[in-house]
Amino acid sequence: MSKHILIVGGGYVGLYTGLGLRRMIRSGEVTVTVVDPRGYMTYQPFLAEAAGGTIEPRHVVAPLHRVLKGARVLTGRVTRISHDDRTALFQPVQGPARTLTYDILVMAAGSITRTLPIPGLAEHAVGFKTVGEAVHLRNHVLAQLAAAASTDDPQVRRRALTFVVVGGGFSGVEALAEMQGLADDALRYHDGITPADLTWTLVEATGGILPELHPDLGRWTVGALRARGVDVRLETRLSSAAGGVATLSDGTALDAGTLVWAAGGRPSPLAADSGLPVDGAGLLLATEYLTVAGLEDAFTAGDGAAVPDLTRPGQFTAPNAQHAVRQAKLLARNLKAYVRGRGLKAYRHAYLGSVAGLAHHQGVAQVYSIRLTGFLGWLAHRMYHLAWVPTVNHKARVLADWALSMVFRREAVQLAAIEHADEDFRRALAADDLDRAA
């Protein structure tokens, strides 16, 4: 009898697990339903380059319905799971909620942006976790440059040219570096503005950045950013963003036209809200076999799960793409074994290292004991992540984007209007109403 597998989440784990089950889908051994709020998988490491304009945003996402042929892909959210009944409450993007039934659950809901109760944060900051936020930031940076070049008001100009990024992890560092690279290229089209007129500030609460890398590489990155004019504030927090003014814990106040919040994530609350076993941080408790601890017919992996790290007894695997992809591939194999009544294999993977791109042909990389900086680090960053881009189609498109960026300058046109595409229409309607009233 065919088993119905419900995969909640279409990120790394959801996509690669689904890919690993294709043969079982074709043979009829299982049916697979994947639920995701957006309907596509985002390759997170390239979000910064999408924001910087070196990669087309559509090339960093993989449509689940196209990649996971044979699986049923539903766009919407699972809002509640009752595992005792093997049911999940599904809210589609349009229409009423309905109940989905399943035989085997794969929890791959991942993480969401971690926020803090900081005044003004919701009103004036933008996150950096989705392709939509990356596109918004690209348009916003270019719009700020255009605004500064079009005003005679020194306060407006200063605000437009002030950029603050909170969070010294990979996301924050790479976002700032790519935004700065975009701005430096775009300044050639704005007379009267020089790189020295722009203020770039990176705010990090701890004593170092890029914590997954060796401390020496973190220190090298701090030096490289400061050499490019970035004010790196370590052991500093954002205290307030009220009125668009970024007030830091050291008393500094920056009237920032751009405030990016990249201070990490937290597990999706779905598991905790559904009564599934979680730890104090909200991570779904997992075994080394990628099953949910204490539950039958339930599996999990990725950055929403506490997966034991067998290479470091007593610790859990890091919440990164390297582990998520490898866990997903093993999870698919374990699902096959589970359906067929065979034994499961434990997840064991020693951490290879990490890479980060810093734009301007700079980067840092750590592969085992090898440490690379500068151009070699940048090259390692691109080669490593290209290898993990899903599908040959997307690899080719990313390569083409890179090749074109080596020959031609980045496009400096900002398309902020597409985020509010109805404004011109509404303005025209309002004008017609005024004419008729007159």
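The values are calculated or read from the model by the stated rules, or taken from the named source; none is laboratory data. This one's a predicted model, so the numbers in the text were calculated from it and none came from an experiment. Methodologically, a virtual Cβ is constructed for each residue, glycine included, from the backbone with ideal geometry; neighbour enumeration extends over all protein chains shown. Keep in mind that these areas ignore ligands, DNA and RNA; they rest on the heavy atoms of the full protein, side chains included. Shrake-Rupley method; radii C 1.70, N 1.55, O 1.52, S 1.80 Å.
Observations on the model:
- Cα gyration tensor shape of segment 244-396, rounded if a/c is under 1.5, else prolate or oblate by comparing a/b with b/c: oblate
- ASP85-GLU235 pseudo-label distance in nm [points 7 Å out on the Cα-to-Cβ vector]: 5.4
- 20 °C / 1.002 mPa s Stokes-Einstein diffusion coefficient of segment 222-279, Kirkwood radius on C-alpha pairs, µm²/s: 148
- Charge context of ALA400, other residues only, Cβ under 13 angstrom, K/R +1, D/E -1: +1
- Surface/4 of the Cα convex hull for segment 1-129, nm²: 10.1
- If you plug the beta carbon distance of THR206 and VAL93 into 1/(1 + (r/R0)^6) with R0 = 56 Å, you get a FRET efficiency near 0.90.
- Remark: accessible surface ordering of LEU404, LEU213 (largest first) is LEU404, LEU213, probe radius 1.4 Å.
- Of VAL67, MET107, PRO96, farthest towards positive along the dipole that unit charges on Lys, Arg, Asp, Glu beta carbons give segment 38-178: PRO96
- Antiparallel DSSP beta bridges within segment 61-201, as percent of all bridges there, nearest 5: 75
- Within the chain, helix-based [θ] at 222 nm, where runs of 4 or more DSSP H residues each add -39,500 (n - 2.57), nearest 500: -10500 deg cm²/dmol
- Shape category assigned to segment 141-190 from the gyration tensor of Cα positions, a/c cut at 1.5: oblate
- Centroid-to-centroid separation of segment 93-161 and segment 304-350 [C-alpha atoms, Å]: 31
- Gyration tensor (Cα) of segment 145-262, equivalent ellipsoid semi-axes in angstrom: 25, 17, 10
- Share of carbon and sulfur in the accessible heavy-atom surface of the chain [1.4 Å probe, %]: 54
- Three principal axis lengths of the chain [C-alpha, angstrom, descending]: 73, 68, 44
- Relative contact order (percent, whole number), the chain, Cα cutoff 8 Å, 6+ residue spacing: 17
- Rounded to 5, percent antiparallel among DSSP beta bridges of the chain: 50
- Sites LEU386 and ASP153 - FRET efficiency at Förster radius 45 Å, r taken between beta-carbons, to 0.05: 0.50
- Rounded to the nearest 20 debye, the dipole size of segment 26-156 about its Cα centre is 560 debye, using +1 on the Cβ of Lys and Arg and -1 on the Cβ of Asp and Glu.
- Charged-residue dipole, Cβ positions (Lys, Arg, Asp, Glu), segment 169-284 about Cα centre, Debye nearest 20: 140
- Look at the dipole of the chain built from charges on Cβ: of PRO37, ALA148, VAL367, the Cα furthest out on the positive end belongs to VAL367.
- A crude spin-label estimate for the pair PHE375 and ASP103, with each label 7 Å from Cα along the Cβ direction, gives 5.7 nm.
- Residue-span extension gain [ALA400 to SER2] - 0.36 nm each, minus C-alpha spacing: 139.1 nm
- Gained length - PHE408 relative to ALA196, 0.36 nm times residue gap less alpha-carbon distance: 73.9 nm
- Over 21 Å between alpha carbons, listed pairs LYS129/LYS345; LYS69/LYS329; LYS329/LYS395; LYS69/LYS345; LYS69/LYS129; LYS129/LYS329: LYS129/LYS345; LYS69/LYS345; LYS69/LYS129; LYS129/LYS329
- Given their separation in residues at 0.36 nm each and the Cα-Cα distance between them, ARG23 and VAL367 gain 120.5 nm when the chain is fully extended.
- Computed from the Cβ-Cβ distance with R0 of 60 Å, the FRET efficiency linking ASP216 to ALA337 stands at 0.90.
- Residues considered: ALA365, ALA71, ALA253. Largest GNM mean-square fluctuation over the chain, using C-alpha springs under 10 Å, is found at ALA253.
- Using C-alpha pairs under 8 Å with a sequence gap of at least 6, the mean separation divided by the residue count of segment 76-129 gives a relative contact order of 21 percent.
- The chain, dipole about Cα centre (Lys/Arg Cβ +1, Asp/Glu Cβ -1), debye to the nearest 20: 1960
- Each of THR252 and THR130 was given a label point 7 Å from its Cα along the Cα-to-Cβ line. The distance between the two points is 3.0 nm.
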